[in-house]
Number of protein chains: 2
Amino acid sequence: MKNLQVNGERLWDTIMETAKFGGTEKGGVCRLTLSDTDRQVRDWLARECESAGCTVSIDEMGSIFARRPGKVDTLPPIAIGSHLDTQPTGGKFDGIAGVLSGLEVLRTLNEAGHTTSAPLELIDWTNEEGSRFTPPMLASGVFSGVFEHDFAYASEDRDGKKFEAELARIGYRGERKCPDHKLGAYFELHIEQGPVLEKEGILIGAVTGMQGQKWYEITVTGQDAHAGTTPMPARHDAMVACARMVESIQAIALNHAPLAVATVGHVVVKPNSRNVVPGSVFFTVDLRHPDEDVLLQIDRELREMVDATARDSGVEARLVNNWNVTPMEFDRECINHVRSAAEKLGYSHRDIISGAGHDAVYVARVAPTGMIFIPCENGISHNELENTKPEFIAAGASVLLHAILACDEARNKTTR
Amino acid sequence: MKNLQVNGERLWDTIMETAKFGGTEKGGVCRLTLSDTDRQVRDWLARECESAGCTVSIDEMGSIFARRPGKVDTLPPIAIGSHLDTQPTGGKFDGIAGVLSGLEVLRTLNEAGHTTSAPLELIDWTNEEGSRFTPPMLASGVFSGVFEHDFAYASEDRDGKKFEAELARIGYRGERKCPDHKLGAYFELHIEQGPVLEKEGILIGAVTGMQGQKWYEITVTGQDAHAGTTPMPARHDAMVACARMVESIQAIALNHAPLAVATVGHVVVKPNSRNVVPGSVFFTVDLRHPDEDVLLQIDRELREMVDATARDSGVEARLVNNWNVTPMEFDRECINHVRSAAEKLGYSHRDIISGAGHDAVYVARVAPTGMIFIPCENGISHNELENTKPEFIAAGASVLLHAILACDEARNKTTR
């Protein structure tokens, strides 16, 4: 088993096959949760898993569990999962690469005639994207106790269609309770959705955790004034104050390089007229860092800077911290299984922090969890142009395979 | 005549009397050009001017000319003018203070029994504001040859009503050609619409000219990116580049203190989503300075700064200069008449540049012209809160009176 590798060509072809379900003219995929194309890809997955010797079952959140028996079938399964739903103008790889790499692992083990000690389980989590039904990571969230079952069922799309009704409509309101079993471990492969691996020419990211996040809304209030008759020193220009704050936010993030990121993404200027000095600017700040202590330090620096800049600029500023996510770390052993698998296969690898949320982040609350990142083109994701290379996915899937095998072996030793 | 002063109380009362035509609950005035309230105030003005011994006539642009005979009635009249139309949520003084100070000058001269050598003419120019019919300063523009008569007549309001038809509807499509006579000189009193006089505690501004103006549209193009997964050095953040440019524009203006003003008033960020690094920002720049050479120097600095900042920020920037106004200077003698009148009356005064357009700016093309500014509260204008003090208007009107008298005397000497 030592040098076993997945069939990269078959894996790539499989991804291209599923890209037809909701494929767009520009080469992307539009496969919204519980749509007809979602049903098509689910039906396809169930058939393929059954062909690979798995028992397929559906839980009440519509998540698909394909179980491959283990030697000791009473052990909690080692799971591989991700999602097959996409953004409205999504790509062919986000989530999909993870589910289908899992399928390829099962196929490869079948060909190699290897049975793991624990059963294996391939999972397609419902509604990871959150584009049609909010919030994102809904099914893995219910599975992990983050969301209530009733809360999820009541979620509505823009047309007022309920999550529960749409589940039933496409035939995926399953019998199994969510959750009704424990996972022995959980692994997820995903494209990085950022530029780090590609830029550094590294094949495998061993994901060590997810960064923490803080959202702010800042309202700067100065005074509207005539652009022609108001001398510079007499102005209370909310836009100039906002510009100073944007620059300082950039500086604060760079002060906590390389892991801190800060973004001013949403800006609304009033009255937004070319010959009126702006009296008010509303803008948002998105701050992320993997270390909660550093995040709190950045929070303090942000608040002090906003107060000082407002004072120096002759304006008032109100800061509201309207959303927080605490940083999380994946399981040390699972991370090590990923690192060791890359090492064994001779692939370049590095530790990396996930900048975005994934099903694995929620599952990590109830099972030892690890994640594998592979490079994607220009870091572009949530976009029809999203792209990666067959050799990257093949490498990632082989690492997934060996991480699973190592995990199975380690757990077998422990439970023996 | 040396110590003759206007009746400040009567002038203030007259202004308050006209504020009833279109008066708003908040104490402002809504008197759009050629509306029924505009007709009411015009009818009122014509009656008052006739009571003051003037002959009232209307030109084809609807401007009102109230002529007070001179000793040498063949001399071109010395005119005083401004406008009685307002912004939709305008104040009681913008334009109005100028017309009614002129009326007060005529009343004061009547009481003093003084007849000037040249005839005097009080003018209410149609459509200075440009709120209902664009462009602003329409009638003084046609009078001065800036606009064609047909162009003005074809102007439509938002409901598709034509300027010409509305002139006829309110009975102010006059018989006189526009223009059908020369003005010997022209004086206009106006609230400053800026904070300078009030802040410095100065009563009279002798307006030396109008600053030049340049408008720009700048489009910064970077790349949309995920706010969580894109490290700071990998970003092409259009908002950060815009912020740097806004700060530098501020610095460039301050470099040319005290007369340069620069405003970024209109900003549009795309995609304007709080967790996406902005890929594009559009913003405008409004630059003003009274000296064309300095304006051109600022223009060069702006262009160099935009190019350099774009380069340093890893974005592209496109700058379009989409509007230009050349600075203009008022007539030296007229400016001197204003300065001397303030001096004679013992009023504090200073030279000042007009930051905004006025009828006088167009009339200056066809007649020697001077302007008088008086302080207004907090520099606020085009607003129902617009305010000034009775003593400021009285002082301004007395300066207007003596400037007219000095001008008449000087011209009489010249023409003798």
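Summary of values
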{"item": "Residue in segment A:39-49 that is among the aliphatic types (A, V, I, L, M), at pLDDT 95 or above and under 27 Å from A:R411 (Cα atoms) present", "result": "no"}
{"item": "Given (1) in contact with a His (Cβ under 8 Å, 6 or more places away or on another chain); (2) modelled with pLDDT of 95 or more; (3) of a type in the set (V, I, T), index of the condition B:V276 fails", "result": "(2)"}
{"item": "Residue in segment A:285-308 that is polar (S, T, N, Q) and either free of Cβ contacts under 8 Å to residues at least 24 places away in the same chain or within 13 Å of chain B (Cβ to nearest Cβ) (or both) present", "result": "no"}
{"item": "Total residues in segment B:278-289, condition surrounded by 24 or more Cβ atoms within 10 Å (Cβ to Cβ) and touching a Lys or Arg at 6+ places or on another chain (Cβ under 7 Å)", "result": "2"}
{"item": "Hits in segment B:213-253 - residues which are under 16 Å from B:R303 (Cα atoms), more than 7 Å from chain A (Cβ to nearest Cβ), crowded, with 20+ Cβ neighbours inside 10 Å and among the charged types (D, E, K, R)", "result": "B:K214"}
{"item": "Filtered residues of segment A:47-91 (kept if surrounded by fewer than 21 Cβ atoms within 10 Å (Cβ to Cβ) and closer than 24 Å to A:E25 by Cα)", "result": "A:P88, A:T89"}
{"item": "Test: residue in segment B:306-322 that is under 26 Å from A:K270 (Cβ atoms), in a loop (DSSP other than H, G, I, E, B) and not basic (K, R)", "result": "yes"}
{"item": "Segment A:370-394, residues that are farther than 27 Å from A:H181 by Cβ, part of a strand (DSSP E or B) and of a type in the set (V, I, T)", "result": "A:I374"}
{"item": "Within segment A:21-127, strands (runs of 3 or more DSSP E) holding 2 or more residues that are in contact with a Ser or Thr (Cβ under 7 Å, 6 or more places away or on another chain)", "result": "A:64-68, A:120-124"}
{"item": "Among residues of segment B:16-30, those that are closer than 15 Å to B:L84 by Cα and surrounded by fewer than 20 Cβ atoms within 10 Å (Cβ to Cβ), counted", "result": "5"}
{"item": "Breaking point among (1) away from chain A (no Cβ under 14 Å); (2) surrounded by fewer than 20 Cβ atoms within 10 Å (Cβ to Cβ), for B:E188", "result": "(2)"}
{"item": "Residue list for segment A:168-227, restricted to those being aliphatic (A, V, I, L, M) and over 20 Å from A:L401 (Cβ atoms)", "result": "A:A168, A:I170, A:V196, A:M210, A:I218, A:V220, A:A225, A:A227"}
{"item": "Meets criteria (surrounded by fewer than 20 Cβ atoms within 10 Å (Cβ to Cβ) and in contact with an Asp or Glu (Cβ under 9 Å, 6 or more places away or on another chain)) for A:G145", "result": "no"}
{"item": "Residue within segment B:384-401 that is within 14 Å of chain A (Cβ to nearest Cβ), more than 21 Å from B:T108 (Cβ to Cβ), in contact with a Gly (Cβ under 9 Å, 6 or more places away or on another chain) and surrounded by fewer than 23 Cβ atoms within 10 Å (Cβ to Cβ) present", "result": "yes"}
{"item": "Any hit, segment A:254-277, residues being among the hydroxyl-bearing types (S, T, Y), more than 7 Å from every other protein chain (Cβ to nearest Cβ) and either surrounded by fewer than 17 Cβ atoms within 10 Å (Cβ to Cβ) or in contact (Cβ under 8 Å) with a residue 40 or more places away in the chain (or both)", "result": "no"}
{"item": "Residues of segment A:345-369 satisfying the condition of being under 22 Å from A:T126 (Cβ atoms) and outside any loop (DSSP other than H, G, I, E, B)", "result": "A:S354, A:D359, A:A360, A:V361, A:Y362, A:V363, A:T369"}
{"item": "Neighbours by Cβ (under 8 Å, 6+ apart or cross-chain): first from segment B:43-56, at positive phi; second among the basic types (K, R) and crowded, with 16+ Cβ neighbours inside 10 Å", "result": "B:G53/B:R68"}
{"item": "Filter result for the condition that a residue is under 22 Å from B:D94 (Cα atoms) and either away from chain A (no Cβ under 14 Å) or of a type in the set (D, E, K, R) (or both), over B:I374, B:I352, B:I404, B:I380", "result": "B:I404"}
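Quick grid of which residues meet (1) touching a helix residue (DSSP H, G or I) at 6+ places or on another chain (Cβ under 6 Å); (2) assigned by TED's automatic domain parsing to the domain that holds B:G81; (3) within 30 Å of B:E391 (Cβ to Cβ):
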{"residue": "B:L100", "(1), (2), (3)": "yes, yes, yes"}
{"residue": "B:L106", "(1), (2), (3)": "no, yes, yes"}
{"residue": "B:S117", "(1), (2), (3)": "yes, yes, no"}
{"residue": "B:I123", "(1), (2), (3)": "no, yes, yes"}
{"residue": "B:L138", "(1), (2), (3)": "yes, yes, no"}
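This table checks each residue for (1) in contact with a helix residue (DSSP H, G or I) (Cβ under 7 Å, 6 or more places away or on another chain); (2) crowded, with 17+ Cβ neighbours inside 10 Å.
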{"residue": "A:W323", "(1), (2)": "no, no"}
{"residue": "A:M328", "(1), (2)": "yes, yes"}
{"residue": "A:I335", "(1), (2)": "no, yes"}
{"residue": "A:S340", "(1), (2)": "yes, no"}
{"residue": "A:L345", "(1), (2)": "yes, yes"}
{"residue": "A:S348", "(1), (2)": "no, no"}
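Here's the yes/no breakdown for (1) within 10 Å of another protein chain (Cβ to nearest Cβ); (2) closer than 30 Å to B:Q213 by Cβ; (3) without any contact (Cβ under 8 Å) to a residue 40 or more places away in the chain; (4) small (G, A, S):
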site	(1), (2), (3), (4)
A:R158	no, no, yes, no
A:G171	no, no, no, yes
A:E192	yes, no, no, no
A:L203	no, no, no, no
A:T208	no, no, no, no
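Table: residues versus (1) of a type in the set (S, T, Y); (2) within 20 Å of B:R10 (Cα to Cα).
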residue	(1), (2)
B:D38	no, no
B:D43	no, yes
B:S51	yes, yes
B:S57	yes, no
B:I64	no, no
B:T74	yes, no
B:I78	no, no
B:G81	no, yes
B:L106	no, yes
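The values are calculated or read from the model by the stated rules, or taken from the named source; none is laboratory data. Given the structure is predicted, the values throughout are model-derived calculations rather than measurements. Backbone-built Cβ (ideal geometry, glycine too); neighbour counts: all protein chains shown.
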